[in-house]
1. Please go through region A:374-428 and give me each residue that is over 24 Å from A:Gly290 (Cα atoms), open to solvent by less than 70 Å² (accessible area, probe 1.4 Å) and outside any helix (DSSP H, G or I), ordered by number.
2. With a cut-off of at least 1 residues that are within 22 Å of A:Leu163 (Cα to Cα) and more than 10 Å from RNA strand B (Cβ to nearest atom), name the helices (runs of 4 or more DSSP H) lying wholly within region A:262-361.
3. Please determine whether any residue of region A:181-200 is at negative phi, more than 14 Å from RNA strand B (Cβ to nearest atom), assigned to a strand (DSSP E or B) and touching a residue at least 60 places away in the same chain (Cβ under 8 Å).
4. Condition test on A:Lys250, is it touching a residue at least 40 places away in the same chain (Cβ under 8 Å), open to solvent by 10 Å² or more (accessible area, probe 1.4 Å) and assigned to a helix (DSSP H, G or I)?
5. Is one or more of the residues making up region A:67-87 farther than 25 Å from A:Leu118 by Cβ, among the aliphatic types (A, V, I, L, M), modelled with pLDDT of 90 or more and assigned by TED's automatic domain parsing to the domain that holds A:Gly239?
6. Given the criteria in contact with a Pro (Cβ under 7 Å, 6 or more places away or on another chain) and more than 9 Å from RNA strand B (Cβ to nearest atom), does A:Ala43 qualify?
7. Could you identify the single residue in A:Trp155, A:Trp149 that is touching a residue at least 40 places away in the same chain (Cβ under 8 Å) and within 13 Å of RNA strand B (Cβ to nearest atom)?
8. Report, ordered by the first and then the second residue, all pairs with beta carbons closer than 6 Å, sequence separation of six or more or different chains, a first member in region A:428-440 that is within 11 Å of A:Ala235 (Cα to Cα), and a second member that is among the small types (Gly, Ala, Ser).
Amino acid sequence: MAKFLTNREENYSQWYNDLVIKADMAENSAVRGCMVIKPYGYAIWEKIQSELDRMFKATGHVNAYFPLFIPKSFFSREAAHVEGFAKECAVVTHYRLKNSPDGKGIVVDPDARLEEELIVRPTSETIIWNTYKDWIQSYRDLPLLINQWANVVRWEMRTRLFLRTTEFLWQEGHTAHATRQEAEEEATRILNLYTDFVENYMGVPVIKGVKTESEKFAGAIDTYTIEMLMQDGKALQGGTSHFLGQNFAKAFDVQFTNQEGKLDYVWATSWGVTTRLIGALIMAHADNNGLVLPPKLAPIQVVIVPIYKGNDQLDKISDIAVDLKRQLEKAGLSVKYDNRDTQKPGFKFAEYELKGVPVRLAIGPRDAEEGTVEIARRDTLTKETIRRENVVGHVLGLMDDIQQNIFRKAVEFRENNTFTADTWEEFTDIIENRGGFVLAHWDGTAETEEKIKDLTKATIRAIPLNSPEEKGSCILSGKPSNRRVLFARAY
RNA sequence: CGGGGUGUAGCGCAGUUGGUAGCGUACUACGUUCGGGACGUAGGGGCCGGAAGUUCGAGUCUUCUCACCCCGACCA
């Protein structure tokens, strides 16, 4: 089996790439670094969107939409921000084309140069804070809790489907608060919301932490992160929530009158997750047979495949299948009955395994006769035969089972691949030979962090929020440290 | 931007000393099949990335050019 996929153990990144394409999620487009998200991949994104959107609204946020273009001058207002993004911005300089004077095609009309160039947003803090300035006068206008579903562009050097593309889809929340404490609470609330989503819907365990000075978002005071471990032992940052302090308020002059009647700058957060989560979903759970989707995010939760010879058998089986489909849908499941006559059952089995459909029902003439159904689960690839009347209950149970099982497997994988290192030799041995998360002491300086990165390509993924105090000495410099930080090679 | 590589059918590839393009797969039709990616027969599909040059003749040789991929620096 699985001869159509590159073996995961043989070449992990080839396996990943094959899988994205073969499972029909996305493909490279004619535009450098930009992907086409195909219907099946987009359906997964829609599931992610709808759950997150529900969670944002349940915590008091509302959606809005801000422009794709940002005037260049806005960017220079916040020094650290421009520094962080300048090198990867797409810039609009003209607004018109014309026929080429030599008759070959069209050219940019030099007379149509923009007075001020427009940046295609790599993130929207600047345009949003420039807008918020007019919306916020008083503490009564606060908090402002807005989210936007959008696309952004970051001109990365190298791209990979879902993991890093020039244009990507995301949500970005931008909130304004009257006090520092409120803003910090918001940043934490969202970090916890992301954790809830990634662990309970995607089935991927995360480490919550705060980024180091050099890894934090350009313009933030603190960047909180959730870090996940992929099956090849590399880390993936799944989402970030930034406490921005008053940096953007000051840069865009967003002041309000507080309850004491005094002017003050507002406190801000921003936070986001992207289509990269789909990459995480793949790399955390998929195997050599293809995708393994958590039931809560699977576009198709149950597929029914008929096995038959001739139209008489098909008719009989279809009656049963359609009835089962109706029952399962009534129970809230999304079900596909694949009665295509153009593919054989074996082909369909392989196809739905490739696409990660959690549960497959097969009904053949034998089952029709005996009142049974063959039921197969994607996560364990096991099959059993059950009575037709028990199908709905059994499938509902399986949905929970599979959801929990893939999470449990991912937790176990992470536990088996999280190490502590106390010496430089131990540290480099693990990074070079085993991969995974490494908890180690660090002296807290950017110089040491940089040196470790240069020597091993491992970075500090996060300073875990729940890590206990512990006296130790830095693996590289030997200087004192009082807590371990999380190292890994990362995507 | 540095180092390496590749452009030939939808996709994956072969193409010898230069002689007018082929394999696998996918596609179309018909038939037999159908409980784990079926088989047979017959078909269709090509400006050989682009431009210029050498030659009677270029997928093949020369020069230029464009695009993409991999490894680094950058990054959600």
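The values are calculated or read from the model by the stated rules, or taken from the named source; none is laboratory data. What you are looking at is a predicted structure, and each value in this text was computed from that prediction instead of being measured. Cβ: placed from backbone, ideal geometry, glycine included. Neighbour counts: every protein chain shown. Please note that ligands, DNA and RNA were not included when accessible areas were found on the heavy atoms of the full protein model with its side chains. Shrake-Rupley method; radii C 1.70, N 1.55, O 1.52, S 1.80 Å.
1. Listed by number, the residues that qualify are A:Ile386, A:Thr418, A:Phe419, A:Ala421, A:Thr423.
2. Numbers: elements: A:276-285, A:310-330, A:345-354.
Ranges flagged: A:276-285.
3. For region A:181-200, residues at negative phi, more than 14 Å from RNA strand B (Cβ to nearest atom), assigned to a strand (DSSP E or B) and touching a residue at least 60 places away in the same chain (Cβ under 8 Å): absent.
4. Numbers: touching a residue at least 40 places away in the same chain (Cβ under 8 Å): no; open to solvent by 10 Å² or more (accessible area, probe 1.4 Å): yes; assigned to a helix (DSSP H, G or I): yes.
Judged against the criteria, A:Lys250 is not a match.
5. no
6. Details: in contact with a Pro (Cβ under 7 Å, 6 or more places away or on another chain): yes; more than 9 Å from RNA strand B (Cβ to nearest atom): yes.
Taking the combined requirement at face value, the residue satisfies it.
7. On the way: A:Trp149 fails: within 13 Å of RNA strand B (Cβ to nearest atom).
It is A:Trp155.
8. Between residues of region A:428-440 that are within 11 Å of A:Ala235 (Cα to Cα) and residues that are among the small types (Gly, Ala, Ser), the close pairs are A:Gly435/A:Gly233; A:Gly436/A:Gly233; A:Phe437/A:Ala488; A:Val438/A:Ala421.
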